[in-house]
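Encoded as structure tokens, the structure appears first; notes follow it.
The values are calculated or read from the model by the stated rules, or taken from the named source; none is laboratory data. What you see is a predicted model, and the numbers here were worked out from it, not measured in a lab. We place every Cβ from the backbone using ideal geometry, glycine too, and count neighbours over all the protein chains shown.
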């Protein structure tokens, strides 16, 4: 004969149970829970309002009661994926399974890290590479509300090797007055691969400039924003922006 399930009146909020078990304040209990330090029957639960009955509630010996800070994530967006899919809270793209194995920091991945993310300098569907997902207002403002914005670096695969005259045309400033474009650094990386570096660059402007120079673009990949590089982040992977990194 099995035990009957506890009635609703026998259930209590997880934060209250932690408060009772570990003699701490409610705010401290909530920080333990939201920090991923509390387990219910061996399973991590991050919701303070989660209802528990007779389950076993345990606190990690290394638990730290500290407020959670907003985070910024670096993602390698694959081609063919809308940037908006990276921050879709209904089907979180940010998961433990696609976290880069090179991300050796002590930062734990929590459920709230995939919530309230915003895109900074998103890429279009066809383009791939470095994409910034952030909960930090300061990071979003720096990348989107300053003119002409941070320097960006792209690799562009072409249909054929470009003529020297086409490269020189890409390097020339365009426009006039306040709309005059800053010079762009253009170099040939291989027979049909361009490296373009400049401010206020985006895939649409790159395609337009290449078309005007008589070049056919195959793929566009962003590999750096400001001083933050995508480095060895594989397609479809993400990592935390480290405290030492600045855009």
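Worth a mention:
A quick yes/no check of all residues on (1) in contact (Cβ under 8 Å) with a residue 24 or more places away in the chain; (2) in a loop (DSSP other than H, G, I, E, B); (3) touching a strand residue (DSSP E or B) at 6+ places or on another chain (Cβ under 6 Å):
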residue: 66; (1), (2), (3): yes, yes, no
residue: 81; (1), (2), (3): yes, yes, no
residue: 85; (1), (2), (3): no, no, no
residue: 91; (1), (2), (3): no, yes, no
residue: 101; (1), (2), (3): no, yes, no
residue: 107; (1), (2), (3): yes, yes, yes
residue: 113; (1), (2), (3): yes, no, no
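- Residue count for the stretch 218-247 under the criterion of being surrounded by fewer than 18 Cβ atoms within 10 Å (Cβ to Cβ) and over 18 Å from the mean Cα position of the chain (by Cα): the result is 2.
- Just one of the listed residues (153, 126, 157) is at pLDDT 90 or above, buried (at least 18 other Cβ atoms within 10 Å of the Cβ), under 22 Å from residue 78 (Cα atoms) and in contact with a strand residue (DSSP E or B) (Cβ under 8 Å, 6 or more places away or on another chain), and it is 153.
- Residue satisfying condition, being farther than 20 Å from residue 237 by Cβ and surrounded by fewer than 17 Cβ atoms within 10 Å (Cβ to Cβ), within set 147, 104: 147
- Residue check for residue 214: surrounded by 18 or more Cβ atoms within 10 Å (Cβ to Cβ) and modelled with pLDDT of 90 or more: no
- Summed over the stretch 113-125, the residues that are at negative phi and out of contact with any helix residue (DSSP H, G or I) (no Cβ under 7 Å at 6 or more places or on another chain) give a count of 4.
- Of residues in the stretch 99-116 being within 14 Å of the chain's Cα centre (by Cα) and within 20 Å of residue 224 (Cα to Cα), the one modelled with the lowest pLDDT: 103
- Considering (1) more than 25 Å from residue 201 (Cα to Cα); (2) assigned to a loop (DSSP other than H, G, I, E, B), the lone condition that residue 97 does not fulfil carries the number (2).
- Among the residues of the stretch 183-217, the ones that are part of a loop (DSSP other than H, G, I, E, B), over 28 Å from the mean Cα position of the chain (by Cα) and more than 20 Å from residue 79 (Cα to Cα) come to 5 in all.
- Filter pass, residue 142 being touching a residue at least 60 places away in the same chain (Cβ under 8 Å), on the phi < 0 side of the Ramachandran plot and either in contact with a strand residue (DSSP E or B) (Cβ under 6 Å, 6 or more places away or on another chain) or in a strand (DSSP E or B) (or both): no
- Note on the stretch 54-73: residues that are surrounded by 14 or more Cβ atoms within 10 Å (Cβ to Cβ) and closer than 19 Å to residue 20 by Cβ amount to 6.
- Checked against (1) farther than 14 Å from residue 235 by Cα; (2) surrounded by 13 or more Cβ atoms within 10 Å (Cβ to Cβ), residue 93 passes all but condition (1).
- If you filter the stretch 21-64 down to residues that are outside any loop (DSSP other than H, G, I, E, B), within 15 Å of residue 111 (Cα to Cα) and in contact (Cβ under 8 Å) with a residue 24 or more places away in the chain, you find that the one that is nearest to the chain's Cα centre (by Cα) is 34.
- Top-ranked residue of the stretch 177-188 - restricted to ones that are surrounded by fewer than 17 Cβ atoms within 10 Å (Cβ to Cβ) and at pLDDT 90 or above, ranked as nearest to residue 226 (Cα to Cα): 185
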